[in-house]
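Comments concern the structure below.
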There are 4 protein chains.
Amino acid sequence: AAANGKEILGIGAEIKRLNCAATSVTSQELGRRSDLIVSLGGDGTMLRAMRLADGNRAPVLGVNLGKLGFLAEVDVPGLPEALSAIDRKEFTVEPRMAIDATVGTSELTAFNDVAAVRVPGEGSAVVEVRVAGQLFVSYAADAVIVATPTGSTAYSFSAGGPIMSPSVEALLVTPAAPHSAYNRGVVLSVADPVALELLPSSGRLAIEVDGRVSCYADPGQTIELRSRPGGASVVRLGRTTFYQRARRKLRITDSAEIPLSMIGSVWDD
Amino acid sequence: AAANGKEILGIGAEIKRLNCAATSVTSQELGRRSDLIVSLGGDGTMLRAMRLADGNRAPVLGVNLGKLGFLAEVDVPGLPEALSAIDRKEFTVEPRMAIDATVGTSELTAFNDVAAVRVPGEGSAVVEVRVAGQLFVSYAADAVIVATPTGSTAYSFSAGGPIMSPSVEALLVTPAAPHSAYNRGVVLSVADPVALELLPSSGRLAIEVDGRVSCYADPGQTIELRSRPGGASVVRLGRTTFYQRARRKLRITDSAEIPLSMIGSVWDD
Amino acid sequence: AAANGKEILGIGAEIKRLNCAATSVTSQELGRRSDLIVSLGGDGTMLRAMRLADGNRAPVLGVNLGKLGFLAEVDVPGLPEALSAIDRKEFTVEPRMAIDATVGTSELTAFNDVAAVRVPGEGSAVVEVRVAGQLFVSYAADAVIVATPTGSTAYSFSAGGPIMSPSVEALLVTPAAPHSAYNRGVVLSVADPVALELLPSSGRLAIEVDGRVSCYADPGQTIELRSRPGGASVVRLGRTTFYQRARRKLRITDSAEIPLSMIGSVWDD
Amino acid sequence: AAANGKEILGIGAEIKRLNCAATSVTSQELGRRSDLIVSLGGDGTMLRAMRLADGNRAPVLGVNLGKLGFLAEVDVPGLPEALSAIDRKEFTVEPRMAIDATVGTSELTAFNDVAAVRVPGEGSAVVEVRVAGQLFVSYAADAVIVATPTGSTAYSFSAGGPIMSPSVEALLVTPAAPHSAYNRGVVLSVADPVALELLPSSGRLAIEVDGRVSCYADPGQTIELRSRPGGASVVRLGRTTFYQRARRKLRITDSAEIPLSMIGSVWDD
């Protein structure tokens, strides 16, 4: 990198942990001074790198250290070639939508999802969903999840939501285990602000941002959510298509391979 | 209307059926010459009126004759006031996405959905879904449905799909009763063309456009689909919000009213 | 009651709370000495009364104090007549299956369900389901729920499970928000013991018995479950059928009332 | 076989088709005179063999000729050893529930399922489900399916139903693509007769028995269904367990292998 006239920056504590040669900076400085942010790790690291990149010009290159990183663009062995391709400008950047949430005095930003989740022993998540100021539906559920297209394959998918192309500008609101016959989610315009109000009968809820507990909310509190297209951007090298990834990562089995006449009992013993 | 300097046009056969005073024109002329298309009937009539309006400047005002029209803006008693409001320019028009489909030599247009549906006795719908030219998934199913946001509350909803705001620009692809553990749909960008290829093991399929059989397709044939935002436009008078309609029309029950501690057995006798 | 030659028993603390005239006994004594256990309250009270009745001969009469008690047989105004009917032997008793669970040194009994539930901040419920000693499936989920037919309308229903007649002898195993395309539950024979093993990657889980946290389990621990048909019995007076209750309580909307041609957009404003 | 003192029987037309040495009999005779019925083919053949065995003492041995037979016990290469094991009495027989259905003057028997299915162009399946003479729910749907435990992995599974152990005595009623928010099935006791009444707004429906159209039913007609445990029996050699088969055949992916923190976007290109 030095030979190339580049300077490598790192966050102090992380440089020590990785024992590598890099100029130590704060995370704010890292975001501001970088031309490219390289995320080495799993998807959690990638989501944190996207939050770091938020509001700055540098795109994020995801380098996968584990075996099942879904957000990463390359594996470690592919890193040198990836950096050369980036040097040669042979890459594109793709915007990724952020969700900004206000819970009391806390301001939170997510790239996958914001979820209001019940805590065992403290009651259900009894939440009113308001869209553009109007009541849409209320759920008593294990959780209510507001997800970006990027997050459509994470918690929202587990709760039964559809997968969504990152090129669609929309938000997904999906209940997890709602206590009623009506259990569908809704796809909302990014122009519509969404609010989750904890009704009086709700328990205290954990507010999870990209899968990590950020804070708790009490009955009577409201979580205000706004989508922000292009909050961060990621580097694409064009080696694989999202269709190949979607198939492999969600382990989509072609049902076409199991014609109906072939489906019988599996309980054969 | 005459007093107002307006001319009322009608399609020949319909004028006879309704026994009303109107200038008889062909359906092409009706679309081209109208400033406003008034649909009197149920949702089927409304969808036909939207196809009539397609490519012309006139928006469609839906007037509901039945008790459960979802696409209509007003009921018959509200029609005079609605027309006065329109005269006073107190209305907005809202675009509605169309789907254009090519099946063999047939060109079809839908405002709700295009579905490839199995015919009992002729085998399953074994269909490969290709997005932007790439295989995404294949389903062996009762049907594969491609829906607009308007159609998200019709057949796609029955098959388990999410409801989608009409202001989102996206297509829904949803399988009905797919023969595999993977049973999710996908939300696609309007920029991506979609193709449904009937695989060799498929039965002959009925191609339903907005719920009506338009033609049949055989194994080996491909249905090409392109979304076209703003294919038609509808008159909005602002009397009710979509949230109120969604709640009433889908009979959404607030699960919040059934706290978990209250849910026990219903089999009490 | 005294006029009738009956003695009324109550649990000490409850008698004080209700300020009523009754002979104070322990809950063990209450179960053993009673001919009829009357549950005054909601479904939580009813489920506790069933645990009290467990192993004793007295059936439970559920008297509903709230507005949405599902397990109760009568409301308060109907109580005198119900007691008269019972005096005249005009009632039947219906068995209700129990689930006995062993978690470490704890022995638990449920009449609705036993659920292993993730605690926000402590990781997913990563649980292997073994049936009759054989691995069946493992889930990474918000929760894994093992329910009786009585409990099929409670948490298991929220998680997507079917409702089940109380006259079926079977157990339901249902995952809540599982992180995979495979999200189905399974209906098991009461003859097959079931075990939930917390895999090493699992978080610490809350073990909820009939909706209340009983204890916690750590990765490596196994929850052994056995169904026990007829653990308790309930009084049936034959006033309503389960079909009427199921319809009313789950607010089942007859979809027949919404023919497909009538389903259009709900987003009409 | 001859060396063993056994006679091989076959149905006339089938013997000709297979060009094998066997005594030609009618299918009635075959059922009555056999000690063992060997089904050579896929699951469709196996289900027909079970109908042939119905009411007779001979169990059915399923021999799989294709690659994905689910009901078969052995593949062709395993047949000699299987027959030897049967000669040595090293096998068990397992009962399989039948469903008897009456549609007009037709009497039908299914071992997987009876389904009332819409025909494209003829309207929805608008069906009232009555259990033990009482209205339970009505659906407007693509189909309403009544399945045995054996059939729980066939059409009922596609429609969203749970899988069910063959040792549970219960019936599954599952709607396919119902037009309402309520889309759950129900697990019924084998003691309760079930009736499907086609309401006036229904289209003419195809009645599929084990996946094949048997007849059609018109609005106003009622399909009466009764379950009959042990209608046929199948040979079990104990080589594999149902858990192994269920996992392999439904391609159950252990979601435990995809921890939540690892689930990110699949749309990475």
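The values are calculated or read from the model by the stated rules, or taken from the named source; none is laboratory data. Keep in mind that this is a model prediction, so the values were computed, not measured. Note: ideal-geometry Cβ built from the backbone for every residue, glycine included; neighbour counts use all protein chains shown. Heavy atoms of the whole protein, side chains included, go into the accessibility calculation; ligands, DNA and RNA do not. Shrake-Rupley method; radii C 1.70, N 1.55, O 1.52, S 1.80 Å.
Within region A:109-120, identify whether any single residue is farther than 30 Å from C:Ile145 by Cβ and either assigned to a strand (DSSP E or B) or at pLDDT 90 or above (or both), and answer yes or no. Among the residues of region A:109-120, at least one is farther than 30 Å from C:Ile145 by Cβ and either assigned to a strand (DSSP E or B) or at pLDDT 90 or above (or both), which makes the answer yes.
Of note, C:Gly203 satisfies the criterion of being more than 7 Å from chain D (Cβ to nearest Cβ) and touching a residue at least 60 places away in the same chain (Cβ under 8 Å). Identification of strands (runs of 3 or more DSSP E) wholly contained in region D:140-247 with 2 or more residues that are out of contact with any Asp or Glu (no Cβ under 8 Å at 6 or more places or on another chain) and open to solvent by less than 10 Å² (accessible area, probe 1.4 Å) yields D:170-176, D:186-189, D:205-209.
Quick check on my filter: what residues within region D:131-157 are of a type outside the set (A, V, I, L, M) and either in contact with a Lys or Arg (Cβ under 6 Å, 6 or more places away or on another chain) or farther than 16 Å from D:Ser189 by Cα (or both)? Selection gives D:Ser138, D:Tyr139, D:Asp142, D:Thr150, D:Thr153, D:Tyr155, D:Ser156, D:Phe157. The residue that is farthest from A:Val209 (Cα to Cα), counting only those in region A:19-70 that are at pLDDT below 80 and hydroxyl-bearing (Ser, Thr, Tyr), is A:Thr23.
Scan region D:124-133 and give yes if some residue there is facing chain C (nearest Cβ under 8 Å), among the β-branched types (Val, Ile, Thr) and under 30 Å from B:Val114 (Cβ atoms), otherwise no. Yes; the residues of region D:124-133 include at least one that is facing chain C (nearest Cβ under 8 Å), among the β-branched types (Val, Ile, Thr) and under 30 Å from B:Val114 (Cβ atoms). Scan region A:134-180 for residues that are out of contact with any helix residue (DSSP H, G or I) (no Cβ under 8 Å at 6 or more places or on another chain), at the interface with chain B (Cβ under 7 Å from one of its Cβ atoms) and under 30 Å from B:Gly238 (Cα atoms) and the total you get is 2.
Does A:Asp113 satisfy the condition of being open to solvent by 30 Å² or more (accessible area, probe 1.4 Å) and touching a residue at least 12 places away in the same chain (Cβ under 8 Å)? Here the answer is no, as A:Asp113 does not meet what is asked. For region C:118-141, the criterion of being under 12 Å from the mean Cα position of the chain (by Cα) and outside the structural domain of C:Ala58 (by TED's automatic domain parsing) is met by no residue.
Yes/no per residue for (1) among the basic types (Lys, Arg); (2) over 21 Å from B:His179 (Cα atoms); (3) modelled with pLDDT of 95 or more:
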site: B:Ala195; (1), (2), (3): no, no, yes
site: B:Leu198; (1), (2), (3): no, no, yes
site: B:Ser202; (1), (2), (3): no, no, yes
site: B:Ala217; (1), (2), (3): no, no, yes
site: B:Ala232; (1), (2), (3): no, yes, no
site: B:Arg239; (1), (2), (3): yes, yes, no
site: B:Tyr243; (1), (2), (3): no, yes, no
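Within region D:210-227, residues that are aliphatic (A, V, I, L, M) reach partners that are open to solvent by less than 40 Å² (accessible area, probe 1.4 Å) and assigned to a loop (DSSP other than H, G, I, E, B) with beta carbons closer than 6 Å, at six or more positions or on different chains, in the pairs D:Val213/B:Pro120.
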